[in-house]
Amino acid sequence: MTPPGIPRRRFLRRSGATLIGLGAASLPQILPARVLGTPYSTPSAKDRLNIAHIGVGGMGNGHLGYMLARQSRGDVNVVAVCDVDENRLAAAVKSTGGKATPYRDYRYILERADVDAVVIATPDHWHAVQTVHACEAGKHVYVEKPACCTIEEGKAMVRAAREHKVAVQVGSQGRSQREAFYAHQYIANGMLGRVHTVKCWHYATPSDDNPVPDSEPPPELDWDLWLGPLPWRPYNARYLHGVFRWLLESGGGQIRDRGAHVMSNALHFLGADHTGPVSIETKGRVPTKGLWDAAIEMEVTYQFKNPDWTLIWAQPGEMVPYPDRERVKREGIREGYGAVYYGDKDKLVVWVGDGQVYTEQKALDYTPPPGGVQVPKSPRFDHHEDWFEGIKTGRKTIMNIEAGVATAFLCVLGNLSLICGRKLHWDPVKQEIVGDEQARRLMSRPQRYPYTL
Amino acid sequence: MKPQSVSLLAAGAVLTASARAADRAAVADLVARIKSPDDAVRGPAWQSAGPYGAPAVGPLAEVMTDPHFEIARSARRAIERIVRHAGRPGADAERRAVAAELVKLLGHASPNVRKHALWMLSEIGEAPAVEPMAALLADPEVREDARCALERIPGAAATDALKKAMATAPEAFKYAQAHSLRVRGEKVEGYPSQKRLPTKPTRVKAG
């Protein structure tokens with residue numbers, strides 16, 4: 001039970017920290033009762049994290065299913081669900097057995113003192129505002145990738161997480177996968193030599209070949225809330241659901257969707273989360289018609305300095321087929337995206353990069369020598385579990401907000417270079433575009449009131 | 001477009017009568033292609049609009065009101081191309097010429113055109129654009145876009161315009177304006193942030 005006078009969130013963290021002090025860090029559970037019992041012993045109801053889900057379609061529905069499975073094991077309580085689409089909301093409530101409280105407006109959730117943490121899986125243009133508000137309300141946050149749509153949004157997210165001392169995990173879950181760990185370990189221990197180039201490949205962004213005129217929004221949808229921070233405009237069926245990804249404002253195309261996975265891994269493996277490129281240059285082809293405006297094909301070249309290396313995001317780029325064709329069929333490996341890491345001694349291929357990560361056998365077989373570099377590993381190779389451990393102990397999560405924002409900046413800057421039609425120069429220390437006033441202004445996008453940071 | 005016309009338009013130069021005629025012809029050709037019902041003609045036209053510069057802004061704004069939604073959208077995107085091209089470093093004269101044309105659109109009858117002009121000015125507008133932009137803070141159809149656009153323009157002129165407008169703004173809009181002023185580092189008495197105030201209950205029931 002939470003002692004009187006101590007906020008529930010702080011109490012949960014303090015309890016976890018005590019456990020670590022007792023040497024319980026490796027236990028795959030988050031709450032005190034588990035230290036005293038078997039790994040799946042059930043914490044008391046009042047000590048379970050109370051989770052609320054904001055956005056319950058698409059990926060949000062997947063997160064909800066995951067948490068409900070954990071709830072069935074007695075790990076967490078799913079206490080609230082939220083969506084601006086009442087049909088999706090009703091379905092989510094039903095999936096909780098009618099137990100979770102439904103909300104259309106996420107701000108009701110932030111007012112609830114009994115909610116410890118929120119899972120945000122809304123369209124991208126909501127990520128920053130909802131994350132910042134949740135941090136301000138003292139909630140831990142799991143937010144889907146990409147972290148942000150603009151540079152200033154990302155900076156605000158970092159400030160909010162730091163100021164309010166909450167655990168934020170960005171949903172680039174590739175970092176937590178088993179084979180990502182082995183690839184990371186292989187690279188970090190110098191098996192490729194100095195890595196000078198990372199080339200990503202990804203299939204093209206779709207184009208809207210059947211544009212439709214604006215229309216009235218469907219009755220189940222709160223269009224004003226869906227738009228949120230974006231400038232108001234009439235509803236168009238090509239905005240949602242799912243397809244919001246193909247608009248620069250709300251999704252940013254493949255580079256902000258899957259780039260937030262593949263390039264996240266690149267920064268992680270090269271220890272470059274706290275760095276950034278010094279220049280960004282994009283060439284691409286955008287749709288000639290339709291509402292969707294994200295580049296169909298593009299190539300972005302990011303130049304990093306000290307150490308010097310080059311990151312290339314290419315749609316479609318040069319796909320490397322996964323060698324084990326039987327495994328491709330058996331496990332449904334999505335070879336359509338991945339990256340090749342080129343060092344001065346060798347190269348390594350890492351396929352996919354999100355909930356699936358695959359790498360070459362030589363990395364899987366590798367064992368670091370005594371005294372070799374130890375790389376972080378998410379508990380049970382589970383991205384959510386890593387978040388829970390961050391909540392419990394206060395340690396940085398594997399895809400913490402600084403790392404999530406650093407990755408999102410790559411995606412944002414790649415698109416900005418294409419929009420502006422020119423090479424951009426970036427100061428990675430100050431985190432700002434230099435020498436280009438228009439591009440500097442595009443580091444932020446003023447938000448529609450009251451849906452503001 | 002003929003290379004000679006592109007260079008003159010891009011330079012924002014003082015044009016001779018014959019050069020002006022050539023530019024008018026080039027812009028008319030661009031507009032004609034953007035009004036084409038054929039995607040294969042219209043798409044490449046708006047995508048190549050950047051170098052047409054200031055002279056094309058007004059004519060393209062008229063196409064933004066075309067009843068064919070794809071043609072209207074293409075015109076809007078052509079203006080974006082012009083603004084992004086004119087905003088490149090070192091193209092000050094071109095940028096100012098485009099901004100001046102956008103300012104003229106702030107009085108356009110179509111709210112869509114006024115909104116687009118505001119957002120485009122948020123990228124390249126400077127002090128001379130601020131006063132006409134701020135006038136639209138009194139326009140109920142586009143005042144929120146005017147506030148956002150001014151919020152993005154650096155410098156004291158935009159701050160002063162937002163402050164001045166606080167005196168006459170409708171009470172409900174003052175909260176939004178106060179937000180913009182705070183974003184710009186100003187202290188504002190009253191009008192606390194409403195950003196975390198829930199307002200939209202659901203009809204879905206638990207259980």
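Restricting attention to the stretch A:192-221, and to residues there that are crowded, with 17+ Cβ neighbours inside 10 Å and out of contact with any Pro (no Cβ under 9 Å at 6 or more places or on another chain), which single residue is farthest from the other protein chains (Cβ to nearest Cβ)? Among those that are crowded, with 17+ Cβ neighbours inside 10 Å and out of contact with any Pro (no Cβ under 9 Å at 6 or more places or on another chain), it is A:L192.
Any residue that is out of contact with any Pro (no Cβ under 9 Å at 6 or more places or on another chain), closer than 30 Å to A:A80 by Cβ and not assigned by TED's automatic domain parsing to the domain that holds B:V113 - is there at least one of those in the stretch B:166-181? The answer is yes, given that some residue of the stretch B:166-181 is out of contact with any Pro (no Cβ under 9 Å at 6 or more places or on another chain), closer than 30 Å to A:A80 by Cβ and not assigned by TED's automatic domain parsing to the domain that holds B:V113.
Is there a residue being in contact (Cβ under 8 Å) with a residue 12 or more places away in the chain, on the phi > 0 side of the Ramachandran plot and surrounded by fewer than 20 Cβ atoms within 10 Å (Cβ to Cβ) anywhere in the stretch B:152-167? Within the stretch B:152-167 (the criterion being in contact (Cβ under 8 Å) with a residue 12 or more places away in the chain, on the phi > 0 side of the Ramachandran plot and surrounded by fewer than 20 Cβ atoms within 10 Å (Cβ to Cβ)), the answer is yes, since at least one residue qualifies. Count of the stretch A:133-183 residues, restricted to those that are in a strand (DSSP E or B) and farther than 21 Å from A:F409 by Cα, is 1. Among the residues of the stretch B:146-173, those identified as in a helix (DSSP H, G or I) and closer than 19 Å to A:W232 by Cβ are B:A146, B:R147, B:C148, B:A149, B:L150, B:E151, B:R152, B:A172, B:F173. Close Cβ contacts (under 7 Å, 6 or more residues apart or on different chains) running from residues in the stretch A:70-84 that are under 17 Å from B:G207 (Cβ atoms) to residues that are modelled with pLDDT under 95 and surrounded by fewer than 24 Cβ atoms within 10 Å (Cβ to Cβ) comprise A:N77/A:R48. Pairs are defined by a Cβ separation below 6 Å, a sequence spacing of at least 6 or placement on different chains, a first member in the stretch A:393-417 that is under 17 Å from A:V143 (Cα atoms), and a second member that is among the charged types (D, E, K, R); the pairs so defined are A:T397/A:D386; A:I398/A:R175; A:I398/A:D386; A:M399/A:R175; A:A403/A:D273; A:A406/A:D273; A:C411/A:R256. With respect to the conditions (1) surrounded by fewer than 21 Cβ atoms within 10 Å (Cβ to Cβ); (2) modelled with pLDDT under 90, A:I30 lacks only one, and its number is (1). If the condition is being hydrophobic (A, V, I, L, M, F, W, C), more than 7 Å from every other protein chain (Cβ to nearest Cβ), crowded, with 22+ Cβ neighbours inside 10 Å and in a helix (DSSP H, G or I), then the stretch A:88-121 contributes A:A92, A:I109.
Of B:H85, B:H108, all but one fail to be over 21 Å from B:Q47 (Cβ atoms) and either more than 10 Å from chain A (Cβ to nearest Cβ) or of a type outside the set (F, W, Y) (or both); the exception is B:H108.
If you filter the stretch B:17-60 down to residues that are more than 24 Å from B:G90 (Cα to Cα) and of a type in the set (S, T, N, Q), you find that the one that is modelled with the lowest pLDDT is B:S18. Quick one: how many residues across the stretch A:372-395 are of a type outside the set (S, T, Y), over 15 Å from the mean Cα position of the chain (by Cα) and farther than 26 Å from A:Q254 by Cβ? Result for the stretch A:372-395: 15. State whether the residues of the stretch B:117-138 include one that is at pLDDT 95 or above, closer than 26 Å to A:L424 by Cβ and over 13 Å from the mean Cα position of the chain (by Cα). Yes, that holds for at least one residue.
One residue alone among A:A260, A:A294, A:A339, A:A266 is within 14 Å of chain B (Cβ to nearest Cβ) and buried (at least 21 other Cβ atoms within 10 Å of the Cβ), and that residue is A:A294.
Taking the criterion of being among the acidic types (D, E) and assigned to a loop (DSSP other than H, G, I, E, B), the residues of the stretch A:216-269 that qualify are A:E216, A:E220, A:D222, A:E249. Scanning the stretch A:423-435 for residues that are buried (at least 19 other Cβ atoms within 10 Å of the Cβ) and either over 24 Å from A:H127 (Cα atoms) or facing another protein chain (nearest Cβ under 7 Å) (or both) yields a total of 1.
The values are calculated or read from the model by the stated rules, or taken from the named source; none is laboratory data. Just so it is clear, the model here is predicted, and its values are computed rather than measured. We place every Cβ from the backbone using ideal geometry, glycine too, and count neighbours over all the protein chains shown.
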